[in-house]
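In what follows, a single structure is set out as C-alpha cells and then discussed.
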Amino acid sequence: MHFLRQFLALLRMNLASERARLGSVLTIFIGVTCTVTVLVSMLAMGTGARQQADGDVHDDEAIVQAQGAEGFDSNISRDQMVTLRDLPGIDRDKDGDPRVAGIVFVPFEGHRRGTGRRVFFPLIGSSDVKFELRPPAHLTEGRLFRPGLHEMIATNACVGQFDGFELGARRAVRGVDWTVVGHYDQGQSLQCVVLTDAETVMSLFNRNSFNRINVRLRAPSDFAAFNRALEANPALKLEAKPARQQAEADMKQFNGLLNFVSYFIGSIMAIGATFGAVNSLYSIVDARRRELATLRAIGFGSGAVMAATLFESILLAVPGAVLGTVLAWLLFHRMAVSPFGFSFRLDVTPHLAEIGIVWALSMGLIGGFLPALRAGRVSVTAALRAT
Amino acid sequence: MKYLPLIWSGIWRKPGRTILIFLQVSVAFVLFGVLQGMKTGIEHAVQAARPDLLIVHSRQDFIFSGLPLGLLEHLRSVPGVKLVEPVELFGSYYQKPENGMLIIAVRPDRNWTDAFTFNIAPEQVAAFAKSRTAALVTEYAAQKYGWKIGDHIPLVSQVVSKEGSTTWAFDLVGTFTDSDFTPGRYKILVNYDYYDQARVSNTATVNHFNVAVADANQAVSVADAIDRLSLNSSHETKTESIRELAQQQVQQIGDLDFLVHAVVGAVLAALLFGTATMMMQSVRERTPELAVLKTIGFTDHAVFLLVLVEAVVVCIAAAACGLALSTAVFPFAARIVFGLAMPPVTVVVGLALAVALAVVSAALPALRAARLRVVSALADH
C-alpha cells in the first residue's frame, strides 16, 4: 500500500511536469507515431490480401488438381473428370447432376487503364457457369456467354483496372474475336477475372484436358469421404484440397513476403525511435534530479521512483500509438493497391491496432528501463549539493 | 584545425546522449540504405538488362503454348539478326513436387550462349554440346541438392516421352549462373533436339526464340520486322528485348517508389525532430560555456559553426556506420529480388542526407548559440 501510494504520487508529479519538457515529450510522441503508422499500414496490406483471398471462398467447395502439379501445369483428362463425378460426397442439383465444374486456364493479356502496362492473368474456361456465379457472385450487367460463340464475361474490377472490357468490347484471343457480353461481381474481390465456356477455349487451343476441377460438396464435413474415395482410386492420380486451404496456400508466399517486409521495417524503425525515447527520458530524469533527491530524502523508496519512471515512459508511448493507428486508418484503410499483380484493398483491422499499440508499449517499456534505473539511483547528497 | 579538440570535447561532453543520437541516426540509415538501395538497385538491374537480346514469343499466350520451330529459318533471314536460338520450357520436379525445376531446352549450336544471359565455363559449354543427354544446372540448385558433375538426374514432369514415361533423366556436365534478375533459381539446361525427338506431343514447337541483334540501336526496328513476318498467321509473334521485359516485371511489383519514399520520409521526419530537440537541449545546457568562449574572443560566426560542425560530425559518422551495416545486411534483404547489389550512389546520397539532417536540426540551436548575449547568459547561472 505504501509503495502504491508513493508510486501514484510520483506518477502524478511526473506527468504534471511533462509540459515543461515539451521537446523531449514530442520526440517520443513523433517517433512512436511514425513507427506505428508505418507498421500498421504495411501489415494492413497482408491482412487485406488475405481477407480478399478468404472472403469469397465457400467452405463446402473443394479444388481437385493433378498430383504434384499446380495451375497451368496440372492436367486432368475428360476420362478422369467422368470418374470423378460419381465420387461420394458431391452435391447434386435438382436434376441429379453432380455439381462439378471443369476449369481450364489460358493466359490472357490486359493493359492497365491509364498507364497501358501489360499484365497477364488467366482467361478461365468453366464447364459450368452456374458454379462460378454462385451467390454472392452475380451478374450485374449484360447476359451470360453462350457456349461455342466466343463470348466472355468479366468482373466489374476488370473494367476499372484494364482497357477494353466494356460491354460489347472485342478482344482477340488466338486470332479470333471474342465479345464481352456481361459483367459480374465476385463478392469482395478486386481481382480481375474473365470467364468463358470451357469447351470453346479447349477447342480453340486444341486441348483435351482441364487444369483443375471445382467440386461442391453436400457439406464441408463431406470432404473427408470425398478425399478418401479420390485417394482410393489409384488410376485417378488426383489430389483434392478444401477451397479455403487452397486459397490460403495460393496466398502463403505472398503474405509471408509482405509480413516479413512489414516486421523488418517496423522493427528497425522501433529500434531507432526507442533510442530517441531513451535520450529524451534521460534528459527528463536529469532535469528532475533535485526533486527526486528531495523526495528520496523525505522517505520515498527508490523502487517507487523507478516504477513511476518506467510507467511514465510507457504512458508517453500511448498517444503516439493511438495517433499512429488512427493515421494508418485514415490514410490507408480501404485503399486499393496492386503489388505483384494482385489487386486488393488495405485493411486496418482492430487486430492490427492491437499489434500497433502493443508494439508502442513495448517501445516505452524497453526505452524506459535505463532511465528508470538512473532515476532510482539518484544520490540524495550529490543531487542536492549540485547547483 | 585548432578548433578540432574543441569540437571533439563538445561531442563527448555528455557521452551517453551522443552515443544514443549516434545509434538513432545509424539505425535510421540502415533502413534508408536497405530500402533506397533496393529501389536504386532494381533500377540499375533494369538498365543493365541487355537491350540487344530479343525474346520472340507467341502474341496470344506467352506462358502456355508456343511457336513452330519452322519459324527459325525465317527469323534468321531478318536483316540485323545475328543469332537465333530456339527455347522450349517445361516444368518438372526433383523427387518431391515441392522441388520444382524449370527445364530449359536449348540447341548447343556455335556461339549459342551469346543469345542468353547465362554464364557458363567454356569447357562446360563444350561438354554440353558433346552429349545429347547432357545438362547444366544453376549453381544454386546444384548446391541445394548436392549434385556433382557426372551425376544422373531424374526429373518428373507432365511431358510424356516416347517410352511412355514422365521421368526424364539427364547427365550433369556443369553449372551456370544467370545474370538476368528474373526469379527462379532452379533451372536446368538440356538439349532441345534430344528432348524434342523424345517427346510424344507438341513436337517441333518452341516456347520462344532468343534473338541476338547485331546493333542494339536497331533492336526496335528488328523486333518490328520480326513481328511483321507472322502478321495475320495462326501464330502471330510479339518480340521484346529483355530490358523491356525487365521493365514490365518491375512495374508488376507496383508502387515500390511510393512505399520507399513514405517509409524513408517517416523515418527522417522522426529523426529530424529527435536530433533537433537534443541539439537544442545541449546548447541550452552549455549556455555558460558558450558565453565563456565568446568572452575570450570567439565571434558569433565561430560559435555558430562550432555547434553546426559538431552536429555534422556526429551525423556523418553515424550515417556512415548505418550505411556500412546496411551494405552488410543487404544480400539478406535483397533476397526478394535475386542477385541485387548495394549501389554506391545510395551511399553517397545517404551521406549527403546526413549532412542535410545535421544542418537542418542544428541550425536553430546554433543560431541561438551565436546570438547569445554574454552578460545575460552568465548572469543566469
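The values are calculated or read from the model by the stated rules, or taken from the named source; none is laboratory data. What you see is a predicted model; the values in this text were computed from it and never measured. In this analysis, Cβ positions are derived from the backbone assuming ideal geometry, glycine residues included, and neighbour counts consider all displayed protein chains. Accessible surface areas use protein heavy atoms only, side chains included; no ligands, DNA or RNA. Shrake-Rupley method; radii C 1.70, N 1.55, O 1.52, S 1.80 Å.
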Residues of the stretch A:151-174 with backbone N under 19 Å of the label point set 7 Å from the Cα of B:Gln248 along Cα→Cβ are A:161-165, A:171-174
What FRET efficiency, computed as 1/(1 + (r/R0)^6) with R0 = 30 Å and r the Cβ-Cβ distance, is obtained for A:Lys241 and B:Thr167, rounded to the nearest 0.05? 0.75
For the stretch A:44-60 and the stretch A:349-373, what is the separation of their Cα centres, given in Å? 29 Å
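Among the trypsin sites (Lys or Arg not before Pro) in the stretch A:97-142, which ones are in a DSSP loop with at most 15 other Cβ atoms within 10 Å of the Cβ? Mind listing them? Kindly include the intermediate steps, with their values, before the conclusion.
Values: sites: A:Arg99, A:Arg112, A:Arg113, A:Arg117, A:Arg118, A:Lys130; in loops: A:Arg99, A:Arg113, A:Arg117.
Sparse-neighbourhood loop trypsin sites (Lys or Arg not before Pro): A:Arg113, A:Arg117.
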Modelled label-to-label distance, B:Ala302 and B:Lys96, 7 Å Cα→beta-carbon offset: nm? 7.3 nm
Just checking the output field for A:17-29: average partner chain Cβ neighbours within 10 Å of each residue's Cβ? 3
For a label point 7 Å along the Cα-to-beta-carbon line of B:Val360, residues of the stretch A:252-267 with backbone N under 12 Å: none
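Give the carbon-plus-sulfur fraction of the accessible surface of the protein assembly as shown in %, rounded to a whole number; probe 1.4 Å, heavy atoms of protein chains only.
Details: 20770 of 34610 Å².
Answer for the protein assembly as shown is 60 percent, counting heavy atoms of protein chains only.
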FRET efficiency (A:Leu149, A:Asp93; Cβ distance; R0 25 Å; to 0.05) is 0.55
Given a 1.4 angstrom probe, what's the average accessible area per residue across the protein assembly as shown, in square angstrom? 45 Å²
Exposed-site-free run, longest, chain A (rule: GluC sites (Glu not before Pro); DSSP loop; at most 16 other C-beta within 10 Å): A:167-387
Just grab the label-to-label distance for B:Val220 and A:Ala287, each label 7 Å out from Cα along the Cβ direction, in nm (one decimal). 6.2 nm
With θ set to phi - 60° and the Karplus curve 6.51 cos²θ - 1.76 cosθ + 1.60, what are the ³J(HN,Hα) couplings of the stretch B:219-228 in order, to the nearest whole Hz, using x for Gly and Pro? 4, 5, 6, 5, 4, 4, 4, 5, 5, 5
Pairs over 27 Å Cα to Cα, from B:Lys162/B:Lys187; B:Lys82/B:Lys162; A:Lys237/B:Lys144; B:Lys130/B:Lys162, come to B:Lys82/B:Lys162; A:Lys237/B:Lys144
Roughly speaking, what is the stretch gain from A:Arg334 to A:Val380, that is 0.36 nm per residue apart minus the C-alpha to C-alpha distance, in nm to one decimal? 11.0 nm
Extend 7 Å from the Cα of B:Ala324 along its Cα-to-C-beta direction; within the stretch B:354-372, residues with backbone N under 18 Å of that point are B:354-355
For A:Ser189, B:Ser77, give the ranking by accessible area with the largest first, probe 1.4 Å. B:Ser77, A:Ser189
For the stretch B:53-214, the Debye formula with one identical point scatterer on each Cα and no solvent gives log10 I(q)/I(0) at q = 0.09, 0.10, 0.12, 0.19 Å⁻¹ as -0.28, -0.35, -0.51, -1.33
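Out of the stretch B:69-166, which trypsin sites (Lys or Arg not before Pro) are coil in DSSP terms and have no more than 12 other C-beta atoms within 10 Å?
Numbers: sites: B:Arg76, B:Lys82, B:Arg110, B:Lys130, B:Arg132, B:Lys144, B:Lys148, B:Lys162; in loops: B:Arg110, B:Arg132, B:Lys148, B:Lys162.
Answer in residue order: B:Arg110, B:Lys148, B:Lys162.
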List, largest first, the extents of the alpha carbons of the protein assembly as shown along their principal axes, each in whole Å. 98, 65, 52
Cβ-isolated cysteines (cut-off 4.7 Å), the protein assembly as shown: A:Cys34, B:Cys315, B:Cys321
Global size of chain B as Cα Rg and Dmax, reported in angstrom: 30.7, 101
For A:Val173, distant residues with modelled amide H under 5 Å away: A:Trp178
With +1 on the Cβ of every Lys and Arg and -1 on the Cβ of every Asp and Glu, the dipole magnitude of the protein assembly as shown about its Cα centre, in debye rounded to the nearest 20, is 3420 debye
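For Cα pairs less than 8 Å apart in space and 6+ apart in sequence, what is the mean separation divided by the residue count of the stretch B:53-214, i.e. the relative contact order in percent?
Details: 322 pairs, mean separation 63.7, N = 162.
Taking the mean separation of contacting Cα pairs over the length of the stretch B:53-214, I get 39 percent.
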For A:Arg92, what residues show an amide H to amide H distance below 5 Å, using hydrogens built from the backbone and excluding near sequence neighbours? A:Arg99
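Kirkwood hydrodynamic radius (Cα pairs, Å) of chain A? Don't skip to the answer; put the middle values down first.
On the way: mean 1/r = 0.0397 Å⁻¹.
One decimal place: 25.2 Å for the Kirkwood radius.
Nothing charged except the Cβ atoms of Lys and Arg (+1) and of Asp and Glu (-1): what's the magnitude of the dipole of the stretch B:226-282 about its Cα centre? Round to the nearest 20 debye.
On the way: 3 positive and 6 negative charges, 23 e Å.
For this selection, approximately 120 debye.
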Along the stretch A:303-313, Karplus-curve 3J(HN,Hα) (6.51, -1.76, 1.60; θ = phi - 60°) to the nearest Hz, with x for Gly and Pro, reads x, 5, 4, 4, 4, 5, 5, 4, 5, 4, 4
Counting only DSSP beta bridges with both residues in the protein assembly as shown, tell me the antiparallel percent, nearest 5. 80 percent
Suppose we flag GluC sites (Glu not before Pro) only when DSSP calls them loop and at most 15 other Cβ atoms lie within 10 Å. Which is the longest uninterrupted stretch of chain B? B:164-381
Using a 1.4 angstrom probe on the protein heavy atoms only, line up B:Asp300, A:Asp79 by accessible area, largest first. A:Asp79, B:Asp300
If contacts are Cα pairs under 8 angstrom and at least 6 residues apart, what is the relative contact order of chain A in percent? 30 percent
For peptide A:33-39, how many partner chain Cβ atoms fall within 10 Å of a residue's Cβ, on average? 4
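Determine the order of A:His2, A:His333, B:His208 by accessible area, beginning with the largest, at a probe radius of 1.4 Å.
Working: A:His2 120, A:His333 55, B:His208 25 Å².
Accessible-area ranking of A:His2, A:His333, B:His208, largest first: A:His2, A:His333, B:His208.
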Magnitude of the Cβ-charge dipole of chain B, K/R +1 and D/E -1, about the Cα centre, nearest 20 debye? 1560 debye
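Among DSSP bridges having both ends in the stretch B:53-214, what percentage is antiparallel? Round to the nearest 5.
Details: 34 of 44 bridges.
Given both bridge residues lie in the stretch B:53-214, the antiparallel proportion sits at roughly 75 percent.
In the stretch A:315-387, which trypsin sites (Lys or Arg not before Pro) are in a loop and have at most 14 other Cβ atoms within 10 Å, using DSSP for the loop call?
Those satisfying the criteria are A:Arg334, A:Arg377.
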